[in-house]
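In what follows, a single structure is set out as structure tokens and then discussed.
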Amino acid sequence: MITSRAVAAALAGAVVARGVYEAARRRTGRAGVWERTNHAGHTVHLHAGPAAAAGTAFALAVAPGLPPRARAAGAAAVLAAAACGAYDDFAGAGDPRRGFRAHLGALRRGEVTSGAVKLVGIGAAACAAGAVVKERPLDKALAAVVIAGSAHLVNLLDVRPGRAAGAVLALAAPGLARRRSAPLAAAPVGAAAALIADDLAERTMLGDTGAHALGAGLGLAVVAGNGRAGLALHAAALVGTALAMDARNHLCE
């Protein structure tokens, strides 16, 4: 059963995400900077990205029933993931390289790509959040892997309209049913729900900004709702998925 605290967090995320989205659509002057061509060749804008980040972070910051440190750590992790994604959205626009292998290979050659900045930045933010929400060293490390891995997974899914937002809604469902994690899971759910219709209609896209933000929020909910065994299973699944996707991308190049 979904608690009233989870409902409040979801509403907060939805209201802020939708408000930021509509304001961005009305007030963005340099439209070309925010426009991208999607898989079908349609021109869409990236306004859903900062809207998803703002909604998720705000909902976490005000989520009822959570310790102040957990709220602050959650909001900070989401905003950091969004900032790293935004850097890649704009500084890395047009870069065909994808996956860990390509960006780490470039880093070994002395080239700092936007993807490498994103990997390091999101990893650092996940470590900081994990250190706050868990007490024991191993649990902190596993939490960092889950938060960073979840951010990466949602971004990998953002290749078709509505796929990433829909995945967040589906993957967050178990967390909504757990009292400990429900307010955290509700934060990305509210933001994703407020934006998915425009995403499906190909008016906007989450981009790295929104996908990483929603994923980090989802990861925080997983961390809150699981002990060490659950964290280890989630971490292994996320790492395995990332490596498999990276290998596939490398073969397709």
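The values are calculated or read from the model by the stated rules, or taken from the named source; none is laboratory data. Bear in mind that the values here come from a model prediction, so they are computed numbers and not experimental data. Neighbour counts are summed over all protein chains in view; Cβ atoms, including those assigned to glycine, are modelled from backbone coordinates with ideal geometry. Just the protein is used for accessible areas: all its heavy atoms, side chains included, with ligands, DNA and RNA removed. Shrake-Rupley method; radii C 1.70, N 1.55, O 1.52, S 1.80 Å.
Does segment 108-116 include one or more residues that are of a type in the set (Val, Ile, Thr), surrounded by 15 or more Cβ atoms within 10 Å (Cβ to Cβ) and modelled with pLDDT under 85? Checking segment 108-116: at least one residue is of a type in the set (Val, Ile, Thr), surrounded by 15 or more Cβ atoms within 10 Å (Cβ to Cβ) and modelled with pLDDT under 85. For beta carbons closer than 8 Å, sequence separation of 6+ or different chains, a first residue in segment 142-168 that is in a helix (DSSP H, G or I) and a second that is at pLDDT below 90 and among the small types (Gly, Ala, Ser), the qualifying pairs are Gly149/Ala242; His152/Ala242; Leu153/Ala242; Leu156/Ala242.
Take the conditions (1) open to solvent by 50 Å² or more (accessible area, probe 1.4 Å); (2) more than 26 Å from Gly225 (Cα to Cα); (3) at pLDDT 95 or above; (4) of a type outside the set (Lys, Arg); Tyr21 misses just one of them, which is (1).
Matching residues to (1) at pLDDT below 90; (2) among the β-branched types (Val, Ile, Thr); (3) touching a Lys or Arg at 6+ places or on another chain (Cβ under 6 Å):
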| position | (1), (2), (3) |
| --- | --- |
| Val7 | no, yes, no |
| Ala10 | no, no, no |
| Thr28 | yes, yes, no |
| Glu35 | yes, no, no |
| Pro50 | no, no, no |
| Gly85 | no, no, no |
| Ala102 | yes, no, no |
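Given the structure, is Leu233 open to solvent by 60 Å² or more (accessible area, probe 1.4 Å), more than 16 Å from Gly49 (Cβ to Cβ) and part of a helix (DSSP H, G or I)? When the stated conditions are applied, Leu233 passes them.
Residues that are closer than 12 Å to Val7 by Cβ and surrounded by fewer than 23 Cβ atoms within 10 Å (Cβ to Cβ) within segment 179-192 are absent altogether.
Kindly evaluate Arg69 against the criterion of being open to solvent by 40 Å² or more (accessible area, probe 1.4 Å), out of contact with any strand residue (DSSP E or B) (no Cβ under 9 Å at 6 or more places or on another chain) and at pLDDT 80 or above.
Working: open to solvent by 40 Å² or more (accessible area, probe 1.4 Å): yes; out of contact with any strand residue (DSSP E or B) (no Cβ under 9 Å at 6 or more places or on another chain): yes; at pLDDT 80 or above: yes.
Judged against the criteria, Arg69 is a match.
Of all the criteria given as (1) open to solvent by less than 10 Å² (accessible area, probe 1.4 Å); (2) farther than 19 Å from Ala193 by Cβ; (3) at pLDDT below 90, the one not satisfied by Ala63 is (2).
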